[in-house]
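Q: Got a structure here, written out as structure tokens. Questions coming.
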Amino acid sequence: MENTLKITVLCIITLIVSLVVPTISNAAGDDDYSINLNYPLKSVLINTEQKISARLTSTDATGLTNARIKVEVSGPATPKVMAKDTLGNDIDVVKEGYWGPNAGFPVGANYNVTTEFTATFPVAGTYTATISLVDISGGTERTVTSEKMSMTVGT
């Protein structure tokens, strides 16, 4: 009964927060590129899937030829954050550290793509994730823009 009540309350809070605050964004970096994260809840229960979307946009006329999305998470445990690659394969982006092919992918002018992630946190506590667009041209990694998010996980 107690777990049912927690899930019901969580669902009601999810609905209210998503209607009032649909996007929480802390994008920073190169003005020609942005990453905007959408996660309706700032807190979830352990082992409950949390849907997160990341929208990457560009206005740069020249674009990037070899870009990747770097994913770094700190917290009391390693969460499972799943996304699909362009072939439809599931990838744990925290375990891999990146989303995108090893050689990178092009981000041209007027780029506007949203990637869906599903995060599951195994332990209660506060987690902080940094999602970055990195340019890997020339064998070095340069952060172009990034966004941070925080998630409180309870029992």
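Q: For ARG142, what accessible area in Å² do you get when you roll a 1.4 Å probe over the heavy atoms of the protein chains, rounding to the nearest 10?
A: 110
Q: Counting Lys and Arg as +1 and Asp and Glu as -1, what is the net charge of the other residues whose Cβ lies under 14 Å from the Cβ of ALA103?
A: -2
Q: By how many nm would the segment from ALA77 to ASN112 lengthen if fully extended, with 0.36 nm per residue of separation less the alpha-carbon distance?
A: Gain in length upon complete extension: 9.4 nm.
Q: Extension gain LYS148-ALA61, at 0.36 nm per residue separation less the Cα-Cα distance, in nm?
A: 28.7 nm
Q: How many nm is it between the label spots at GLU141 and LYS51, if each spot is 7 Å from the Cα in line with the beta carbon?
A: So the label points at GLU141 and LYS51 sit 3.0 nm apart.
Q: Give a residue-ordered list of calculated ³J(HN,Hα) values for the stretch 35-49 (Karplus: 6.51 cos²θ - 1.76 cosθ + 1.60, θ = phi - 60°; whole Hz; x for Gly, Pro).
A: 10, 10, 8, 10, 9, x, 10, 9, 9, 9, 8, 4, 6, 10, 5
The values are calculated or read from the model by the stated rules, or taken from the named source; none is laboratory data. Keep in mind it's a predicted model, so treat the numbers as computed, not measured. So basically every Cβ, Gly included, is an ideal-geometry build from the backbone, and we count neighbours across all protein chains shown. Remember, those area values only see protein heavy atoms, side chains included, never the ligands or the DNA or RNA. Shrake-Rupley method; radii C 1.70, N 1.55, O 1.52, S 1.80 Å.
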